[in-house]
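Here's the structure, in structure tokens; my notes come after.
The values are calculated or read from the model by the stated rules, or taken from the named source; none is laboratory data. Here the structure is a predicted model, which means the values were calculated and not measured. For neighbour counting, all protein chains shown are included, and Cβ atoms are generated from backbone atoms with ideal geometry for every residue, glycine included. Ligands, DNA and RNA are excluded from the accessible area calculation, which covers all protein heavy atoms including side chains. Shrake-Rupley method; radii C 1.70, N 1.55, O 1.52, S 1.80 Å.
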Amino acid sequence: MSSMGGNRVVPFQVLKTLERYASEEHPLSNLQVIAKIQQDQRVTLARNTVAASVELLESLGYVERGPKGSWPVRLFDETELRVLIDGVMASKYLPPADAKYLVGKLMELGSEGFARRVKHVHMADQWVHQGNVEFLRNIEQLEDAIEGHKKASFYRNQVRADGSLERVGGLHRVSPYGIICTNSQYYLVCRKEGEDHLRHYRIDRLTDMEPLPETAEDIRRLPGYEQGFHIAEYAATHSMMFSGELELIVLRMPAELAGYVRDTFGARAELREIPGGLVEARITGTARNVRFFALQYGPSGCEVLRPESLRRQLLEDARAIAAVYEPKPDAP
């Protein structure tokens, strides 16, 4: 084995060893650090050299010390890392390979003991993820176009039964205004050339994304956006990413469904208790967004009170669903 007592790389070796093996609950003494470096790198370090390195790292804010040894100051604690990793695993918009890669990078921020405890991350390919390998590139290209106030072009795709993408229609040229993550998916909010309203596109369904040299159209020229585009407010009023005119929609439902209203529409939904164990929800949004919420919770007693046009639409939806399940004369 070689001796590297005076090498300037020693503090880095000590830090990487502490990051891999130590935590506040399981600190390493200087002797344990020496043993781990000998084990992993076949390098012998003097005790005073390791002690000096730990002192230097502590003075720089990279390491903390206690009576039983030292541990690294981590960017994220283990609970925070677990939340971030679970977020990546549950992100349906990421291709499996990208999800696995990102989880690997996050795992490196924890100790070896943390990696052993978070066993489910080794099953990334068993979680639901989409297969468009262009997804991260799409995000990057769109961010560049939005930042530079440029147009972008792409093709929209639908998903075949085997999970592959199939191009639908021709090239789309748009002025992009924002990216919203909702319902476990990423959406582009933009204006398509020749139209006077906003569109939404799922970014994982787009291919051949390219920024264009032309300047994007100013969104303030669109009716309703004369004061500009506020992405947080837009996301709150388009929770399911259906476009349309904003209007006041009133729902009545059993009180136990109030939490689902909050989950879907957030604090912008005004809820009040009414007699009979019911709540009334007043939501400013688009009818199409509320329509599918009402269909989902209709069997549990959710009723749209207004507008009348949405009530009629839901009645038509209910009749169409009933027709699907009506017994067929030639059914076995």
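Full-extension gain between Val73 and Ala320, please, as 0.36 nm times their residue separation minus the C-alpha to C-alpha distance.
Fully extending the segment from Val73 to Ala320 adds 83.0 nm.
When the Kirkwood radius is taken over all Cα pairs of the range 66-108, what Stokes-Einstein diffusion coefficient follows at 37 °C and 0.692 mPa s, in µm²/s?
279 µm²/s
Students often forget the sequence filter, so: which lysines lie under 30 Å Cα-Cα from Lys150 once same-chain residues fewer than 8 apart are removed?
Lys92, Lys192
List the relative contact order of the chain as a percent without decimals, with contacts defined as Cα pairs under 8 Å and 6+ residues apart.
On the way: 516 pairs, mean separation 34.2, N = 332.
Relative contact order here is 10 percent.
Angle check, please: helix 47-59 long axis (alpha carbons) against the longest principal axis of the chain (alpha carbons), in degrees 0 to 90, nearest 10.
Approximately 40 degrees, to the nearest 10.
In whole Å, largest first, what are the principal axis extents of the Cα atoms in the chain?
Each principal axis gives a Cα extent; for the chain these are 82, 57, 53 Å.
Could you tell me the calculated FRET efficiency between Thr284 and Glu217, based on Cβ-Cβ distance and R0 = 22 angstrom, to the nearest 0.05?
Working from the Cβ atoms, E equals 0.25.
Go through the range 48-82 and name the trypsin sites (Lys or Arg not before Pro) that are in a DSSP coil and have 11 or fewer other Cβ atoms within 10 Å of their Cβ.
Working: sites: Arg65, Lys68, Arg74, Arg82; in loops: Lys68, Arg74.
Counting only loop positions with at most 11 other Cβ atoms within 10 Å, the trypsin sites (Lys or Arg not before Pro) in the range 48-82 are Lys68.
Roughly how many Å² is the accessible area per residue of the range 125-226, as a whole number, for a 1.4 Å probe? Could you put the intermediate results ahead of the total?
Working: 5510 Å² over 102 residues.
In whole numbers, the range 125-226 has 54 Å² accessible per residue.
Which percent of the accessible area of the chain is formed by carbon and sulfur heavy atoms (probe 1.4 angstrom)? All intermediate terms of the calculation are to be shown ahead of the outcome.
Values: 9850 of 19250 Å².
Looking at the chain in its full context, I get 51 percent from C and S.
Give me the dipole magnitude in Debye, nearest 20, for the range 35-88 about the Cα centre, with unit charges on the beta carbon: positive for Lys and Arg, negative for Asp and Glu.
It comes to approximately 340 debye.
Obtain the nm distance between the two label points defined at Glu143 and Glu55 by a simple spin-label model: each point lies 7 Å from its Cα along the Cα-to-C-beta direction.
4.3 nm
Please work out the FRET efficiency for the pair Leu31 and Glu112, using the Cβ-Cβ distance as r and a Förster radius of 22 Å; give the result to the nearest 0.05.
Numbers: r = 18 Å, r/R0 = 0.84.
So, using R0 = 22 Å, E works out to roughly 0.75.
For Val83 paired with Gln39, estimate the spin-label separation in nm (one decimal), with each label point 7 Å from Cα along the Cα-to-Cβ line.
3.2 nm
Just to confirm the number: angle between the C-alpha axis of helix 78-89 and the first principal axis of the chain, 0 to 90 degrees, nearest 10?
50 degrees
Suppose every Lys and Arg Cβ carries +1 and every Asp and Glu Cβ carries -1, with no other charges. What dipole size does the chain come out with about its Cα centre, to the nearest 20 debye?
580 debye
How would you rank 83-90, 14-21, 171-178, highest first, on the average number of other Cβ atoms within 10 Å across their residues?
Descending mean neighbour count gives 14-21, 171-178, 83-90.
Taking the Cα of Ala232, stepping 7 Å toward and past its beta carbon, and measuring to each backbone N in the range 266-304: which are under 16 Å?
Residues 266-269 fall inside that zone.
Quick one: Kirkwood hydrodynamic radius for the range 195-323, alpha-carbon pairs, angstrom, one decimal?
16.7 Å
For the pairs Lys105/Lys151; Lys68/Lys105; Lys16/Lys100; Lys68/Lys100, flag any whose C-alpha to C-alpha distance is greater than 31 Å.
Violating the 31 Å Cα-Cα cut-off are Lys105/Lys151; Lys68/Lys100.
With r as the distance between the Cβ atoms of Gln185 and Arg311 and R0 = 35 Å, compute the FRET efficiency 1/(1 + (r/R0)^6) and round to 0.05. All intermediate terms of the calculation are to be shown ahead of the outcome.
Values: r = 29 Å, r/R0 = 0.82.
Efficiency, from the Cβ-Cβ distance: 0.75.
Rounding to the nearest 10 and keeping the result within 0 to 90°, find how far the Cα-based axis of helix 308-325 lies from the longest principal axis of the chain.
With rounding to tens, the tilt is 80 degrees.
Averaged per residue, what accessible surface does the range 72-118 expose to a 1.4 Å probe, in Å²?
For the range 72-118, the per-residue accessible area is 54 Å².
Taking every DSSP beta bridge that has both residues in the chain, what percent is antiparallel when rounded to the nearest 5?
About 95 percent, rounded to the nearest 5.
Based on the alpha-carbon set only, what is the convex hull volume of the range 48-88 divided per residue, in Å³?
82 Å³
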